[in-house]
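The structure under discussion appears below in the form of structure tokens.
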Amino acid sequence: MKTSNILLASLFGSITITTMAMMADIGFGGGSREYTEYEQENIELPPFRHLQVHHNGRSVAVEASSSPSIRLFSMKGDQMPSIAYRMQGDTLVIERFENHDLVGAYFTIQAPLNELQGVTARNTEVVLNDYPFERMALYLDNSRVQIYPKTRNHLSMLLVEGSNHAHVNISSQVDTLALTLNQSSVVIDDAVTLLSGSIENSSSVGVREVGIFDFSKDASSRLDHWD
């Protein structure tokens, strides 16, 4: 099988698995929002520019909104889950999500467009499909990030620092993709104008098209690109 076909199969397989996992997390099938009534609680927040989340039991979805908040959801009649969080300067820190084992219980982070500038995650999945942005920095330790918008958009700058089997799926054009990867991977199913940074320790990058390379890798890592 050609390298491009293998990479594309890996990309869409990973997206399918991630999406299915998220659907299971938020209750699809066992409590689909299409067929199940949900109750909602809204926690208003001050403005924040960074999100930090560690060891979360569910996928964390960030959505565009006119004002910052946390939205909690539960199936009608069930106990509403609770969330422990704090503000640390301009950073929203999610400490823990209580009662996350309840079927259909989940939460979303609401943030105004282009106000969220960075995400730090450890042992967590973060989904940015419904949060269009121009610039973002991702600091990941054994975490996954999905950037797969319904309508493909154009990113000015995306910085990814990943370690310990972090993985990022991207389906948007990127002007500058800056990577520092250690035992981690990034797959981008679109064009990148400038690919910069370095990868090491069995890391990998798959990209559809690259204009300018300012990039290095060690012997154990690989860079694949296809048209």
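The values are calculated or read from the model by the stated rules, or taken from the named source; none is laboratory data. In this text, all values refer to a predicted model and were calculated from it rather than measured experimentally. Counting neighbours? That spans all protein chains shown, and the Cβs are built from the backbone with ideal geometry, glycine included.
Points to keep in mind about this one:
- Of everything listed in (1) of a type in the set (Phe, Trp, Tyr); (2) under 25 Å from Leu116 (Cα atoms); (3) at pLDDT below 95, the single unmet condition for Tyr139 is (3).
- The one condition in (1) modelled with pLDDT under 95; (2) more than 28 Å from Arg86 (Cα to Cα); (3) of a type in the set (Ser, Thr, Tyr) that Thr176 fails to fulfil: (1)
- Here Asp130 meets each of (1) out of contact with any Asp or Glu (no Cβ under 7 Å at 6 or more places or on another chain); (2) within 27 Å of Arg49 (Cα to Cα) with one exception, condition (1).
- Any chance Asn114 is modelled with pLDDT of 95 or more, surrounded by fewer than 18 Cβ atoms within 10 Å (Cβ to Cβ), at positive phi and touching a strand residue (DSSP E or B) at 6+ places or on another chain (Cβ under 8 Å): no
- Count of residues meeting criterion [among the hydrophobic types (A, V, I, L, M, F, W, C), more than 20 Å from Asn142 (Cα to Cα) and not in a loop (DSSP other than H, G, I, E, B)] in the stretch 93-123: 3
- Candidates Arg71, Arg86, Arg152 - the one that is assigned to a strand (DSSP E or B), surrounded by fewer than 16 Cβ atoms within 10 Å (Cβ to Cβ) and basic (Lys, Arg): Arg86
- Any hit, the stretch 197-220, residues being in contact (Cβ under 8 Å) with a residue 24 or more places away in the chain, among the aromatic types (Phe, Trp, Tyr) and farther than 19 Å from Asn56 by Cβ: yes
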